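Notes follow once the structure below has been shown.
Nothing in this text is a laboratory measurement; each read-out follows from the coordinates by a stated rule. For clarity, every value in this text was computed on a predicted model and none was experimentally measured. Glycine gets a Cβ as well: all are built from the backbone with ideal geometry, and neighbour counts include every protein chain shown.
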Amino acid sequence: MTQTDLAFEADIEPSHISRIERGTTNTSLTTIVTLADALKVHPSELMKF
């Protein structure tokens, strides 16, 4: 899935998706849950590093 696809599915600006991926912005738990839903994964999967 591209950042553009994810942005569309999550109804989040593509530029915000890019900033989250690069780690140049902090994001809310609500956004993490929204992204997880769009990716069809549990939110904890996005927090593994």
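So the values come out like this:
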item: Extreme residue, surrounded by the fewest Cβ atoms within 10 Å (Cβ to Cβ), among residues of the stretch 1-19 that are part of a loop (DSSP other than H, G, I, E, B) and acidic (Asp, Glu); result: 11
item: Residue list for the stretch 34-48, restricted to those being free of Cβ contacts under 8 Å to residues at least 12 places away in the same chain and touching a Leu at 6+ places or on another chain (Cβ under 7 Å); result: 36
item: Residue pairs meeting the criteria (Cβ under 9 Å; at least 6 apart or on separate chains; first polar (S, T, N, Q), in the stretch 1-19; second not in a helix (DSSP H, G or I)); result: 18/24
item: The stretch 20-44, residues that are surrounded by fewer than 12 Cβ atoms within 10 Å (Cβ to Cβ), outside any loop (DSSP other than H, G, I, E, B) and not hydrophobic (A, V, I, L, M, F, W, C); result: 21, 22, 30, 44
